[in-house]
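Take a look at the structure set out below.
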Amino acid sequence: MHKLYLILLLMVLIFCACSELSQPSQTESGPESNPSSQLGDEQKKDEGDTDSITDEVTPDLDNANPTVFTAKEILNFEQLRADWTKEQMEEHGFEKQVNGPGGETTYSDGRIRYVYFDFYDAPTPAIVDVYGDIPGPRGIKVGDAFEDVLALFPQEVDWEINPFGTLYGNFDPDAEEETKALSAYVTTYENRKEITLLTEKVLPSLRIFFEDGKLTHYSFFLISAS
């Protein structure tokens, strides 16, 4: 009887041991102990961080590579009033001044001046001068630094050593007018500078004036005086 009891006890112990061996270990199969799973999560996290850093340092290529100046940018200037007659200027309360010897009539509101060439009997403004704090093409405005404005336009030629102060294009003051199209140049006078930008047909054009390195005003030339 005693032997039979021992045999039964031994069989129970063997059965329990086999049952434990057949069950999978939670530690081995759990996600926390799976190195490949952890590595995948870390890689995804690192990739996400890399993308966000790349987005932050990506340069603005439009600002880094400015395009040549075009007539469309002038025509988009809201206060250009290129088709206004003298009568319309007077109806809207612009102050009138007549320069008889110079053959010009001007209308101004203190910020913008519209110049009519009387010697041409021009029915619309020939020149539009902007002196007030009104943003112009590419956001230029009174008070801007010369270097900042210069950076808004292509610099294909070193204007400081070029005989004509050329920035881009084929500007040559003695060449035929049509060859000057889509060009720009800088003119200097002691403490003053000018940037001139000629469009597809030369006119309309834009001239930007600086004194002591600061923008004082800019002018749209719509009609030639020659």
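Looking at the stretch 183-226, the accessible area is 45 square angstrom per residue; that uses a 1.4 Å probe and ignores ligands, DNA and RNA.
Evaluated with a Cβ-only charge set (Lys, Arg +1; Asp, Glu -1), the stretch 151-209 carries a dipole of roughly 300 debye about its Cα centre, given to the nearest 20. In this label model, Glu160 and Leu75 are separated by 3.8 nm, measuring between points 7 Å along each Cα→Cβ vector. Stokes-Einstein D for the stretch 181-226 at 37 °C, 0.692 mPa s, Kirkwood Rh over Cα pairs, in µm²/s? Rounded to a whole number, D works out at 297 µm²/s. Expressed as a whole percent, the proportion of Cα-Cα pairs in the stretch 116-201 lying more than 22 Å apart is 39%. For the stretch 166-181 and the stretch 63-82, compute the distance between their C-alpha centroids and round to whole Å. Rounded to whole Å, the Cα centres lie 19 Å apart. Cβ-Cβ distance of Ile223 and Arg192, R₀ of 30 Å, FRET efficiency by 1/(1 + (r/R0)^6): the value works out to about 0.80.
Could you calculate the contour length gain from Asn65 to Asp118, that is, 0.36 nm times the residue separation minus the distance between their Cα atoms, to one decimal place in nm?
Working: separation 53, 0.36 × 53 = 19.08 nm, distance 4.14 nm.
Result: 14.9 nm gained on full extension.
Between amide H atoms placed 1.01 Å from N, distances below 5 Å from Gln79 occur with no residue 5 or more places distant or on a separate chain. Taking all Cα pairs closer than 8 Å and separated by 6 or more residues, the relative contact order of the stretch 67-226 comes to 21 percent.
The values are calculated or read from the model by the stated rules, or taken from the named source; none is laboratory data. Predicted model only: the values in this text are computed from it and were never measured. Here Cβ is always computed from backbone atoms with ideal geometry, including for glycine, and neighbour counts include all displayed protein chains. For the accessible areas, the whole protein counts, side chains as well, though only heavy atoms, and no ligand, DNA or RNA atoms are used. Shrake-Rupley method; radii C 1.70, N 1.55, O 1.52, S 1.80 Å.
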